[in-house]
Amino acid sequence: MPTRYTFGGDEHLFVECSDEMSLEAFFKSLSMANGVKESGIKGITEICPANASFQIKFDPDLIKPDDVLREVRAIEGAAERAEPVIRTRIVEIPVFYNDPWTHETLMRFRERHQEPSGTDLDYATRINGYVDVDDFVAAHSGSPWFVSMVGFVAGLPFMYQMVERQRQIQVPKYLRPRTDTPRLTVGHGGCFGCIYSVRGAGGYQMFGITPMPIFDPTQTTSYLRNFMVFFRPGDVVKFKPIDRDAYDQAVEDVDKGRFSPPVREVSFDLREFQKDITGYNTRLEGMINGH
Amino acid sequence: MAIKVLHHGLATTVQDLGRPGYFHLGIPLGGAMDRYAMRAANLLVGNDEGAAGLEAVFLGPKLEFTEDTVVAVTGADMPARVDGVEQPGWTAFPVRAGQTLTFDFLKSGARIYIAVAGGIDVPVALGSRSTYPIGALGGYKGRPLAAGDELPIGAGNGSGEGRSVGEPLRRLPAAPVALRVLPGLYWDRLADAAKQSFFADEWKVAPEADRMGYRFRGGRKLSFIERQQPFGAGSDPSNIVDSCYPYGSIQVPGGTEPIILHRDAVSGGGYFMLGTVISADMDLIGQMQPHTPTRFVEVTMDEALAARAEENARLEALRTSLS
């Protein structure tokens with residue numbers, strides 16, 4: 001489908017690269033959003049990349065909406081001709097799957113769930129055709145994910161699994177949203193994973209919890225001193241299953257300022273990725289370990 | 001100089017004109033819902049328009065002042081009293097050390113703006129003093145005020161006392177409210193009948209109306225053009241692949257109750273939006289109470305820009321009248 005341009009009132013331009021989710025659509029929207037950022041078009045105050053679309057906020061006192069549209073359209077051509085390569089980061093996120101805190105929460109809201117007799121992990125395992133929860137966790141943590149959007153609330157990453165579409169984990173959201181979700185819950189809704197940056201309402205299925213804060217308005221967490229939000233659109237995430245002891249240790253390390261997430265700068269090439277997804281992912285993961 | 005909070009009202013927060021530039025990380029603009037009223041209150045007490053003041057909804061706080069100062073209250077019609085003596089709205093009045101500011105019940109509108117000479121001097125977070133409670137960011141300790149809080153106040157410039165905004169420059173919505181909407185975004189997902197009924201029906205503000213968004217009820221359910229839902233969008237016809245949400249955009253989950261996102265908006269999600277309230281009408285929403293009858297009025301981009309120019313002219317007139 002061709003890229004669709006539409007105005008959100010007199011202050012926003014909304015650009016939809018595709019109405020369905022795909023890595024190609026995500027890549028195009030991120031490239032265009034980055035292109036807009038680099039172009040320095042006057043009067044633009046916000047550039048928000050999303051999964052397969054992006055949004056610009058502008059000041060119509062400084063630039064006419066039609067001029068914003070014209071300038072952004074011009075960037076589309078350049079974005080399409082550009083190499084589908086981004087410089088980004090890969091980060092390893094420890095996850096305590098099937099933890100007691102999300103378990104307590106999901107039991108409290110069981111009547112809002114499709115399958116009140118099991119857990120969210122049981123349900124996701126069954127409807128995605130995995131043998132058991134361990135098998136499901138292996139799939140969830142076995143391939144990297146793209147941070148395709150940061151938002152909803154402060155610092156929350158939406159993540160898109162970097163595997164063939166038929167292998168992607170998909171689960172519906174809760175029938176009715178919960179009024180509570182533990183902070184740092186690793187969740188999933190539709191084809192998107194997320195990490196809840198703050199405690200609050202939520203509708204995604206809950207699989208586990210990470211000990212690693214990703215939003216800290218006090219900026220006291222050692223790796224969030226420079227900026228309070230950890231994630232950026234385009235980051236690559238690899239989950240690492242940990243047990244209770246490792247979780248407790250990590251929480252203590254965070255508190256004492258000793259925790260630092262393994263992060264490496266990487267260059268991601270969409271064409272190379274598509275030629276050999278499994279091989280490319282293996283190489284990406286190797287980079288976390290310094291290979 | 002400080003203000004002691006004796007009672008917090010219902011939900012009183014420190015606000016200024018907002019925190020642009022972080023929506024791509026999920027941190028919303030924030031700031032006064034009725035920015036015109038906030039600017040007016042600041043200009044009345046001799047502050048910069050962007051100084052921090054208090055926004056109180058439906059119920060006023062009870063505040064004690066530790067030093068002599070000048071205060072102005074704008075926005076909703078909720079008479080202020082200093083040690084029991086009524087003070088005029090949209091007018092700067094003196095408050096002496098030890099005196100207490102209280103408010104009568106709300107008569108019309110929804111939100112008052114309280115400006116104090118020198119402004120509320122809480123720390124600046126990401127370029128703004130606005131409170132973003134979900135992120136525990138900005139404002140007074142990242143949260144709405146509570147009894148016992150002490151708000152630091154900056155140094156005023158000694159001007160303001162006795163200044164007043166003329167009647168024609170005061171603004172409150174008159175029921176029924178007309179909100180002008182530019183159709184767009186996922187407008188074409190709607191069936192023709194829904195495109196008509198949305199603008200033809202009378203809606204009412206639902207009780208779920210706050211700084212994140214205003215929900216409406218009472219109109220007919222909107223129907224969609226049938227389609228095979230795109231991959232990643234979710235099964236309901238009102239679902240889309242999660243996208244950003246513009247401020248003022250109108251989402252209608254399940255086609256039943258329109259929600260207009262406002263200053264503390266979530267930055268994105270998976271519900272289709274049928275259009276966006278124009279910038280000139282956003283302040284009005286902040287003054288709407290639950291049950292307010294509302295109509296949505298379709299406009300073009302040219303009409304939206306003309307309305308914005310009118311609002312800008314009104315703001316210029318306000319600045320001139322108070323300079």
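The values are calculated or read from the model by the stated rules, or taken from the named source; none is laboratory data. As the structure is a prediction and not an experimental result, all values here were calculated from the model. Cβ atoms come from the backbone with ideal geometry, glycine included; neighbour counts cover every protein chain shown. Areas reflect the complete protein model, heavy atoms only, side chains present, ligands, DNA and RNA absent. Shrake-Rupley method; radii C 1.70, N 1.55, O 1.52, S 1.80 Å.
Below, the figures for the structure above:
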read-out	value
Residue under evaluation A:Phe96, criteria (1) part of a loop (DSSP other than H, G, I, E, B); (2) touching a helix residue (DSSP H, G or I) at 6+ places or on another chain (Cβ under 6 Å), criterion not met	(1)
Test: B:Ser249 is among the polar types (S, T, N, Q), within 14 Å of another protein chain (Cβ to nearest Cβ) and under 15 Å from the mean Cα position of the chain (by Cα)	yes
Number of the exception - A:Tyr204 against (1) surrounded by fewer than 19 Cβ atoms within 10 Å (Cβ to Cβ); (2) under 20 Å from A:Met159 (Cβ atoms); (3) modelled with pLDDT under 95	(1)
Positions within region A:186-195 being more than 13 Å from A:Val153 (Cβ to Cβ) and of a type in the set (Val, Ile, Thr), in sequence order	A:Val186
Among residues of region A:79-93, those that are among the charged types (D, E, K, R) and open to solvent by less than 50 Å² (accessible area, probe 1.4 Å), counted	2
Condition check for B:Pro168: within 21 Å of B:Asn47 (Cβ to Cβ), outside any strand (DSSP E or B), over 18 Å from the mean Cα position of the chain (by Cα) and without any contact (Cβ under 8 Å) to a residue 24 or more places away in the chain	no
Selection status of A:Gly234, open to solvent by 10 Å² or more (accessible area, probe 1.4 Å), in a loop (DSSP other than H, G, I, E, B), assigned by TED's automatic domain parsing to the domain that holds A:Val147 and modelled with pLDDT under 95	no
Filter pass, B:Gly219 being free of Cβ contacts under 8 Å to residues at least 24 places away in the same chain, crowded, with 22+ Cβ neighbours inside 10 Å, outside the structural domain of B:Pro144 (by TED's automatic domain parsing) and part of a loop (DSSP other than H, G, I, E, B)	no
Answer residue from region B:263-279, given it is more than 21 Å from B:Tyr22 (Cα to Cα) and either at pLDDT below 95 or more than 7 Å from chain A (Cβ to nearest Cβ) (or both) and is surrounded by the fewest Cβ atoms within 10 Å (Cβ to Cβ) among those	B:Tyr271
Which numbered condition A:Phe54 misses (of (1) in a helix (DSSP H, G or I); (2) within 13 Å of another protein chain (Cβ to nearest Cβ); (3) open to solvent by less than 40 Å² (accessible area, probe 1.4 Å); (4) under 20 Å from A:Phe192 (Cα atoms))	(1)
Tally of residues being assigned to a strand (DSSP E or B) and among the charged types (D, E, K, R) across region B:268-323	2
Residues of region B:68-102 classified as closer than 22 Å to B:Asp48 by Cα and open to solvent by 50 Å² or more (accessible area, probe 1.4 Å), total	2
Residue satisfying condition, being of a type in the set (Val, Ile, Thr), within 14 Å of chain A (Cβ to nearest Cβ) and open to solvent by less than 10 Å² (accessible area, probe 1.4 Å), within set B:Val116, B:Val122	B:Val122
Within region A:57-67, tally of residues that are more than 10 Å from every other protein chain (Cβ to nearest Cβ) and under 28 Å from the mean Cα position of the chain (by Cα)	1
Subset of region A:13-45 (residues that are away from chain B (no Cβ under 11 Å) and either under 23 Å from B:Thr276 (Cβ atoms) or in contact with a Ser or Thr (Cβ under 6 Å, 6 or more places away or on another chain) (or both))	A:Met32, A:Val36, A:Ile41, A:Lys42, A:Gly43
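Listed here are the residues, each with its yes/no results for (1) outside the structural domain of B:Pro293 (by TED's automatic domain parsing); (2) open to solvent by 50 Å² or more (accessible area, probe 1.4 Å).
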site	(1), (2)
B:Ser130	yes, no
B:Pro133	yes, yes
B:Ala136	yes, yes
B:Ala147	yes, yes
B:Ile153	yes, no
B:Gly156	yes, no
B:Ser159	yes, no
B:Ser164	yes, yes
B:Gly184	no, no
